[in-house]
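The values are calculated or read from the model by the stated rules, or taken from the named source; none is laboratory data. Since this is a predicted model, take the numbers as computed values, not measurements. Glycine also receives a Cβ, built like all others from the backbone with ideal geometry; neighbour counts cover every protein chain displayed. When the accessible area is computed, the model is the full protein with side chains, heavy atoms only, and any ligands, DNA or RNA have been set aside. Shrake-Rupley method; radii C 1.70, N 1.55, O 1.52, S 1.80 Å.
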Amino acid sequence: MRAARALSVAVVGLEGLLVEVESALHQGLPGVQLIGLPDTAAAEARERVRAAVIATGLTWPSLRLVVNLRPADVRKSGSAFDVAVAVAVLLAAGLATDRRAENRVHLGELGLDGTVHPVHGVLPAVAAAVAAGHPEVVVPSENVPEAELVPGARVTGVRHLSEVAHGYGAEGVRMLQPVALERSTPAPVAEPAAKDLADVIGQEQARHALEVAAAGGHHLFLSGPPGAGKSMLAARLPSLLPDLDDAAAVEVTTVHSVAGTYRSSSGLIRRPPYEAPHHTASKAAIIGGGSRTLQPGAVVRAHRGVLLLDEAAEFPRTVLDTLRQPIEEGQVVLARASQRAIFPCRVQLVLAANPCPCGWASGKALRCRCTPKALRDYAGKLSGPLLDRVDIRVDVAAVPRAQLLSSRRGETSATVAARVAAARAAQAERWKDTPWRTNAEVDGPWLRDYTGRIDPHLLTPLKRVADTPELSMRGVDRVVRVAWTLADLHGLEHPGPAELGAALTLRNRDLDA
């Protein structure tokens, strides 16, 4: 029996697990058996590797070949193991003699002609390889910029299996060297025009609420008739957010690498992501899932950014309620019978909805034609527990026609973003010794204790409504968080009664605070 091994990485959630690809040649009928819990895509590596090896001009061994992906009790998903399987086969067959190849990590999918195609999840895979003590990694040439984002990684890019086969040639002296990639300047891609807050006419109260939400990372609910500007406001929230710091940029880039939405040539993702799924999206599309491979959903792809659910009341209630735990805990835990994955989802949730099915049950509701049952059913789509987790709720009234025709424009996104950045800087300084970054993330009991040490009478405005149905205990915490954000926007050291009253009004828009 002749045996060899190569290394690869399995990505489960956002975590990488080093996989040892073992190959052994036995006497017997020629054939290939791939074991170690591969899914369909991984199991099909048998035929891809065979065709690719033959395409390089080498002879496929006419013996029985067994390939094992170890550890055997972890499901292996995807086609990223192809190159590692090919290397293990070449070593076992004696077509490559340098055993140093066994300590390199190989990632990549093989085409039938031997082309090495890019794969998803390279960033977490390379990070796991480096952490496991194997900094030498071989990746598809298209994935080289992504792999090089990992500190300490020694990256080799390949375009074709022949480069691997020749590098591991019988001389045993010329190992894989970094391919001299022809890095031509890519043609510029036309970026969509930035959505500026100045495009929104009027809506001063809603604009203020948007600024507060951006400054503190708070969830936001916009309700109003059709055409009032709810969607326009929500779509401009990302333009108010500051760039991601290094740690957050790595988190977001890792998420999008696993999700397959990352472009290697773009470097680390520095802008907060923005996701706006259609109201026909399923639970799996919003949260994530999959029967074989656990993939992140929209709430995960929006990590450190904005998740907009426009026409929120048109989403199935079962879909909306799946967001309750993720937006509270900042992570999604997907569990299946054979695997479990944890994805981060520290997002700003923005809900935009009409007040009723016809859209006109606001103000005096003279134009509304909905039945009482239709109104109850429509309002019931947004459950109490979900809305209780939303910090700021604003009624967006229709803009008068005279104002629509006015040439006066409001503040630009850049002007508001400067105030948001100053407020975020104050929060970063305040919470620098804690695991939190914004006021919206701070744990409730810790926040109440911190607030109480500053001013024993600070919560006095809340005592009038704390024991009423309008404000739950969770609601009290969220009012205090918004009050801190208002203080940061005003340049205050701590919130006072005015900030508490304003925060209470922003949460309970119909309550006289």
(request) Could you list, in sequence order, all residues of region 150-159 that are in a loop (DSSP other than H, G, I, E, B) and open to solvent by less than 60 Å² (accessible area, probe 1.4 Å)? (result) V150, G152, A153
(message) Can you find, within region 47-89, the residue that is nearest to H117 (Cα to Cα) among those that are of a type in the set (D, E, K, R) and at pLDDT below 90?
(response) K76
(message) Among the residues of region 417-442, what is the count of those that are within 22 Å of the chain's Cα centre (by Cα), open to solvent by 60 Å² or more (accessible area, probe 1.4 Å) and free of Cβ contacts under 8 Å to residues at least 40 places away in the same chain?
(response) 1
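Only one residue in T59, T40 is under 29 Å from Q339 (Cβ atoms) and of a type in the set (S, T, Y), so which one is that?
Just a single option satisfies the conditions, and that option is T40.
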(message) Return the residues of region 15-52 that are more than 25 Å from N103 (Cβ to Cβ) and part of a loop (DSSP other than H, G, I, E, B); say none if nothing qualifies.
(response) Q27, G28, L29, P30, D39, E44
(request) Would you mention how many residues in region 269-284 are open to solvent by 50 Å² or more (accessible area, probe 1.4 Å) and not charged (D, E, K, R)? (result) 7
(request) Would you check which residues across region 91-104 are crowded, with 22+ Cβ neighbours inside 10 Å and part of a helix (DSSP H, G or I) and list them? (result) L91, A92, A101
(message) Of all residues being small (G, A, S) and open to solvent by 20 Å² or more (accessible area, probe 1.4 Å) in region 495-513, which is modelled with the lowest pLDDT? Just the residue, please.
(response) A513
(message) Among the listed residues A417, A379, A402, identify the single one that is modelled with pLDDT of 95 or more and either within 30 Å of S472 (Cβ to Cβ) or in a helix (DSSP H, G or I) (or both).
(response) A417
(request) Find the helices (runs of 4 or more DSSP H) located wholly in region 194-264 whose residues include 1 or more that are within 15 Å of the chain's Cα centre (by Cα) and either at pLDDT 90 or above or buried (at least 20 other Cβ atoms within 10 Å of the Cβ) (or both), and list them. (result) 246-259
(request) Can you confirm whether region 81-90 contains a residue that is farther than 11 Å from A4 by Cα, surrounded by fewer than 20 Cβ atoms within 10 Å (Cβ to Cβ) and in contact (Cβ under 8 Å) with a residue 12 or more places away in the chain? (result) no
(message) What's the number of the only condition in (1) touching a residue at least 40 places away in the same chain (Cβ under 8 Å); (2) surrounded by 17 or more Cβ atoms within 10 Å (Cβ to Cβ); (3) in contact with a Lys or Arg (Cβ under 9 Å, 6 or more places away or on another chain); (4) within 29 Å of V332 (Cα to Cα) that A42 fails to meet?
(response) (1)
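If a residue has to be among the hydroxyl-bearing types (S, T, Y) and under 30 Å from D246 (Cα atoms) to count, how many in region 151-166 make the cut?
Total meeting the criteria: 1.
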(request) Report yes if some residue within region 124-138 is open to solvent by 20 Å² or more (accessible area, probe 1.4 Å), assigned to a loop (DSSP other than H, G, I, E, B) and in contact (Cβ under 8 Å) with a residue 60 or more places away in the chain; otherwise report no. (result) yes
(request) Might you let me know whether region 126-138 holds any residue that is over 26 Å from L14 (Cα atoms) and either acidic (D, E) or touching an Asp or Glu at 6+ places or on another chain (Cβ under 6 Å) (or both)? (result) no
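Going by the conditions given, is R401 open to solvent by 30 Å² or more (accessible area, probe 1.4 Å), free of Cβ contacts under 8 Å to residues at least 12 places away in the same chain and charged (D, E, K, R)?
Against the criterion (open to solvent by 30 Å² or more (accessible area, probe 1.4 Å), free of Cβ contacts under 8 Å to residues at least 12 places away in the same chain and charged (D, E, K, R)), R401 qualifies.
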(request) With the condition kept exactly as written, say whether any residue in region 429-450 is closer than 18 Å to L240 by Cα, modelled with pLDDT of 90 or more, assigned to a helix (DSSP H, G or I) and in contact with a helix residue (DSSP H, G or I) (Cβ under 9 Å, 6 or more places away or on another chain). (result) yes
(message) Only one of A341, A313, A298 is touching a strand residue (DSSP E or B) at 6+ places or on another chain (Cβ under 9 Å) and at pLDDT below 90. Can you tell me which?
(response) A341
(request) Could you please let me know if L107 is under 29 Å from the mean Cα position of the chain (by Cα), in contact (Cβ under 8 Å) with a residue 12 or more places away in the chain, buried (at least 16 other Cβ atoms within 10 Å of the Cβ) and more than 13 Å from A24 (Cα to Cα)? (result) yes
(message) Quick check on my filter: what residues within region 22-32 are open to solvent by 40 Å² or more (accessible area, probe 1.4 Å) and either within 18 Å of P71 (Cβ to Cβ) or within 29 Å of the chain's Cα centre (by Cα) (or both)?
(response) E22
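For the structure I just gave you, tell me whether L63 is touching a residue at least 60 places away in the same chain (Cβ under 8 Å), surrounded by fewer than 22 Cβ atoms within 10 Å (Cβ to Cβ) and within 18 Å of P30 (Cβ to Cβ).
Answer is no for this residue.
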